[in-house]
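Novice: Next up is a structure, given as C-alpha cells.
What follows is calculated from the coordinates using simple rules that are stated; it is not laboratory data. Keep in mind that what you see is a predicted model, and the values were worked out from it rather than measured. Positions of Cβ are backbone-derived with ideal geometry, glycine not excepted, and every protein chain shown enters the neighbour counts.
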Amino acid sequence: MKFTHLLPTLLAFGAISLSSGVIAADDHENHEIIEKVMKEGLKGDDSPLALVLDGQATAEDTANLDKLIKTMKGTHAPKGDQADYDTKVAELIAAMEAVAKGDTSDAARKRLDEAANCKACHSEHKPKK
Ligand code: HEC
C-alpha cells in the first residue's frame with residue numbers, strides 16, 4: 001500500500017533527474033565538440049587550418065581538418081542567435097570541403113580564411129569566461 005503510493009513519486013523523480021542529466025551531458029558534449037575543433041584544428045600559427053591556408057598542409061592533414069570541422073554540424077551556439085551560428089558553421093564546413101575536394105585556388109583559400117574568421121564568430125557566439 002505504502003509502496004504503491006510512493007511509486008508515482010519515485011517515477012516522477014527518476015524522470016526529472018534523468019532528463020536534467022541528459023541536458024547537462026548534451027551541453028557538455030556540445031562544448032567538447034567545439035573545443036576539440038578549436039584546439040586541434042584552428043588554434044595557433046601552425047594549426048592544421050594555418051597550414052591549409054598557407055598551402056603547406058598534406059592531403060592527409062587537409063582531409064583530417066575537413067572531417068574535424070564537420071563535427072561542428074548540429075552543435076548549438078553557446079551564445080547568441082542559433083540561425084546566425086548555423087550559417088557561419090555551414091559556410092565554414094562548405095569552404096573547407098571545397099578546399100579538401102581539391103580546389104586550392106586563391107579564391108577558395110580566401111573563402112576559407114573568411115569563413116574561419118575567429119573574431120567574427122567569437123564576438124557573437126563564444127561565451128565570456
Ligand atoms: C563558426 C564559429 C567559430 C569560428 C569561425 C571560430 N570559432 Fe573558436 N569558438 C567558437 C565557439 C562557439 C567557442 C566557444 C565554445 C564553448 O565555450 O562551448 C569557441 C572557442 C574557442 C576557443 C576556446 C576553446 C576552449 O573551450 O578551451 C579557442 C582557443 C578558439 N575558439 C580558437 C579559434 C580560432 C583560433 C579561430 C580562428 C582561426 C576560431 N576559434 C574560429 C566558434 C568559432
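Novice: Full extension from Lys126 to Lys43: what is 0.36 nm times the residue separation minus their Cα-Cα distance, to one decimal in nm?
Specialist: Between Lys126 and Lys43, full extension yields an extra 28.4 nm.
Novice: Full extension from Thr58 to Ile33: what is 0.36 nm times the residue separation minus their Cα-Cα distance, to one decimal in nm?
Specialist: Taking 0.36 nm per residue and subtracting the Cα distance, the gain is 6.6 nm.
Novice: Under 11 Å from the Cβ of Pro78, count the other residues' Cβ atoms, weight Lys and Arg +1, Asp and Glu -1, and hand me the total.
Specialist: In short, 0.
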